[in-house]
Amino acid sequence: MNREPCVFSIVDLDHFKKINDTFGHEAGDLVLAQVAAMMASVIRPQDEIGRYGGEEFIVIMRNTNLKQAEAVMERLRCSVENMLIETEVGIVIPVTISAGLASIAPNVSRYEEILAQADKSLYVAKRNGRNRISLQLNYQN
């Protein structure tokens, strides 16, 4: 692992199970695909995004500090919140995301450690009402 500043974010679609239960799995798949496309179009060219499982994604922001990463993720959060996702039968499905961010600290030797910190931040965002970004401040650059 090199020592450039880097921030990991775990992004989770809020209440995704409710979307599947209310509108069906086809609608859930549509939401995942459209949100993933929106997120890929909003992040910066140097950032990487990938699906982490279920309705979670990871965004890796290289050469970035927490303040810069927070601005990127807030822009992403707003973009998703303002999306109009419409099913084939004309039902509009509202979608929001929550995200947890953590920066790589000098003492981190494994990616799992930084993901665990980002995951803790994600749960803070969810506990505080969802549709928000939370930072792991004790890992700040």
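Worth pointing out:
- Note on the chain: GNM, Cα springs under 10 Å; of L84, L115, L66, the largest mean-square fluctuation is that of L84.
- Share of carbon and sulfur in the accessible heavy-atom surface of the chain [1.4 Å probe, %]: 50
- The E74 and R127 beta-carbon pair, evaluated with R₀ = 22 Å, returns a calculated FRET efficiency of approximately 0.75.
- Build a GNM of the chain with springs between Cα atoms under 10 Å apart, and of D29, D47, D119 the one that fluctuates most is D29.
- Take the chain with all the other protein chains still there, run a 1.4 Å probe, and you get 53 Å² of accessible area per residue.
- Rg over Rh [alpha-carbon atoms, Kirkwood Rh] for segment 6-57: 1.01
- Angle between the chain longest axis and helix 111-127 axis [Cα atoms, degrees, rounded to 10]: 50
- The orientation-averaged projection of the convex hull spanning the C-alpha atoms of segment 55-121 amounts to 5.5 square nanometres.
- Contact order for segment 1-122, expressed relative to its length and based on alpha carbon pairs under 8 Å spaced 6+ residues apart, stands at 39 percent.
- Radius ratio Rg over Rh of the chain, counting only Cα atoms, Kirkwood formula for Rh: 0.99
The values are calculated or read from the model by the stated rules, or taken from the named source; none is laboratory data. The model shown is predicted, which means the values in this text are computed figures rather than measured ones. Don't worry about glycine lacking a Cβ; one is built from the backbone with ideal geometry, like all the others, and counts go over all protein chains shown. Surface areas here come from the heavy atoms of the whole protein model, side chains and all, with no ligands, DNA or RNA. Shrake-Rupley method; radii C 1.70, N 1.55, O 1.52, S 1.80 Å.
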